[in-house]
1. What are the residue pairs meeting all of these: first residue in the stretch 132-158, first residue within 23 Å of ALA97 (Cα to Cα) and in contact (Cβ under 8 Å) with a residue 12 or more places away in the chain, second residue open to solvent by less than 30 Å² (accessible area, probe 1.4 Å) and part of a loop (DSSP other than H, G, I, E, B), Cβ atoms under 6 Å, and 6 or more apart or on different chains?
2. Inside the stretch 125-140, can you point out the residues that are modelled with pLDDT under 90 and either touching a Leu at 6+ places or on another chain (Cβ under 9 Å) or exposed (fewer than 13 other Cβ atoms within 10 Å of the Cβ) (or both)?
3. Among the residues of the stretch 19-35, how many are open to solvent by less than 20 Å² (accessible area, probe 1.4 Å) and over 16 Å from ALA64 (Cα atoms)?
4. Where the second residue is open to solvent by 80 Å² or more (accessible area, probe 1.4 Å) and the first is among the β-branched types (Val, Ile, Thr) and lies in the stretch 13-39, which pairs have Cβ atoms under 8 Å and are six or more apart or on separate chains?
5. Among LEU101, LEU33, LEU71, which is the only one that is farther than 22 Å from ASP153 by Cβ, more than 14 Å from the chain's Cα centre (by Cα) and at pLDDT 85 or above?
6. Do you know which residues across the stretch 143-160 are surrounded by 13 or more Cβ atoms within 10 Å (Cβ to Cβ) and aliphatic (A, V, I, L, M)?
7. Can you give me the number of residues within the stretch 44-67 that are at pLDDT 90 or above and open to solvent by 20 Å² or more (accessible area, probe 1.4 Å)?
Amino acid sequence: SAREDISVWDTARRARLLTFANGNPAGSRVSALLLLSDSAFVNAETLAAGSSEGCVRIWRSYAAADGPHLLSAWQASAAPAEVSLRDSPLSLAWQPARATLTAAGGGSGDLCLWDVRHEALVCRLSAPAVSAGQVTSLAADAASPLLAAGYSDGCVRSFD
């Protein structure tokens, strides 16, 4: 379906180059896309796609004529309950200096920091217990460990 498809566009020519399926399970959707660049281990054509079932898929050569190649995929965040699959987007933030991908979603307030090279969970950061919101957006500083998370309860929290 269109909710799991990723389209690559040439904005200068206003033309779609290709569309490919992310491989989401039924009922889920792509909720985050990031270009993984500025790092020695990835090239400029590496794309991270996060979907509402909590999975991150890393695509290499996503704009190539012969289509994208799935480089890696893993469960980056707890999978939400089936009834909330559509309403539990996965948010992503990239820190190229450390090759760290932060993922948050699945109805949880936790931030999961992943070493992309090894697909290993580096640490899990939890918001204070007073928060009842889920993470709706993430931002990361490219050169430091500073992270900012926006929550559905209106709070913005920073982590370092």
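1. ALA142/PRO96; ARG157/ALA127
2. LEU125, SER126, ALA127, PRO128, ALA129, VAL130, ALA132, VAL135, listed by residue number.
3. 3
4. Cβ pairs passing all conditions: VAL30/ARG3.
5. Only one candidate passes the filter, namely LEU71.
6. Those that are surrounded by 13 or more Cβ atoms within 10 Å (Cβ to Cβ) and aliphatic (A, V, I, L, M): LEU146, LEU147, ALA148, ALA149.
7. Residues meeting the conditions: 2.
The values are calculated or read from the model by the stated rules, or taken from the named source; none is laboratory data. All values reported here derive from a predicted model rather than from experimental measurement. Note that we place each Cβ from the backbone using ideal geometry, even for glycine, and neighbour counts take in every protein chain shown. Side chains are part of the model used for accessible areas, which takes the heavy atoms of the whole protein and leaves out ligands, DNA and RNA. Shrake-Rupley method; radii C 1.70, N 1.55, O 1.52, S 1.80 Å.
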